[in-house]
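The values are calculated or read from the model by the stated rules, or taken from the named source; none is laboratory data. Keep in mind the model is a prediction, meaning the values are calculated, not measured. Glycine also receives a Cβ, built like all others from the backbone with ideal geometry; neighbour counts cover every protein chain displayed. In case anyone asks, the SASA skips ligands and DNA or RNA and just uses the protein heavy atoms, side chains included. Shrake-Rupley method; radii C 1.70, N 1.55, O 1.52, S 1.80 Å.
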Amino acid sequence: QRVIKNTQNLIDMKKMDEFIKMIKSADEIVIVGVSSSGTTASIMATRLMRMGLTASSYADISWMKMRAKLAKKNNLFIAISTTGTTRLVMDTLKMAKENNAKIASITGFTQNPIADLSDLSLHVYSTRFIDNQKFVNSQFSMMYLIDVITTYILEDKEFMSNMAKSR
């Protein structure tokens, strides 16, 4: 409950609206993350794809870099990184940015290199601050925010219809 409440407190609705506009207007959405953040990136890409958006995810650094080298102006790269310091993700974002892609991120800390590279960054409560050692799900707050994002996108009837068709 504390993770959800603290993540809710970090949601800036102005940034959320801008984030959703970036998603809706992108020709292609590429979501990157490594390790457990890579799994979260895959889930987010699947949700967006089921809504009719052109979305893919990459957790393998070679594939991330290849995709970033082919980035275009109206592509949106979204980085998922709990720490915001994953060097492999930073390198990918730098390459995509060199090709004029837009960059967004979801991280567990407000000040970090990935957020600095981003045109827009959303933040979640980091579960590193939970004092219960049995709580090991570092992606819990990320998944909560992705639920919020997708819920807002589904307010659009077209995206809702696409989601229903893909069920």
Cross-chain or 6+ apart pairs with Cβ under 9 Å, region 73-86 first and closer than 14 Å to Ser25 by Cα and without any contact (Cβ under 8 Å) to a residue 40 or more places away in the chain, then open to solvent by 20 Å² or more (accessible area, probe 1.4 Å) and β-branched (Val, Ile, Thr): none
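Residue-by-condition table, conditions (1) part of a helix (DSSP H, G or I); (2) modelled with pLDDT under 95; (3) open to solvent by 10 Å² or more (accessible area, probe 1.4 Å); (4) closer than 16 Å to Leu120 by Cβ:
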residue: Met49; (1), (2), (3), (4): yes, no, yes, no
residue: Leu53; (1), (2), (3), (4): no, no, yes, no
residue: Met66; (1), (2), (3), (4): yes, no, yes, no
residue: Thr83; (1), (2), (3), (4): no, yes, yes, no
residue: Leu93; (1), (2), (3), (4): yes, no, no, yes
Residues (at pLDDT 95 or above and either assigned to a strand (DSSP E or B) or of a type in the set (Ser, Thr, Tyr) (or both)) located in region 107-121: Ser118, Leu120, Ser121
Selection within region 31-63 - touching a Leu at 6+ places or on another chain (Cβ under 7 Å) and closer than 13 Å to Val89 by Cβ: Val34, Ile61
Residue list for region 24-43, filter: of a type in the set (Gly, Ala, Ser), in contact with a strand residue (DSSP E or B) (Cβ under 6 Å, 6 or more places away or on another chain) and in contact (Cβ under 8 Å) with a residue 60 or more places away in the chain: Ala26, Ser37
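Each row is one residue, and each column tells you yes or no for (1) open to solvent by less than 60 Å² (accessible area, probe 1.4 Å); (2) under 26 Å from Ser161 (Cα atoms); (3) in a helix (DSSP H, G or I); (4) not β-branched (Val, Ile, Thr).
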residue	(1), (2), (3), (4)
Met16	yes, yes, yes, yes
Met22	yes, yes, yes, yes
Ile29	yes, yes, no, no
Ile43	no, yes, yes, no
Thr46	no, yes, yes, no
Ser56	yes, yes, no, yes
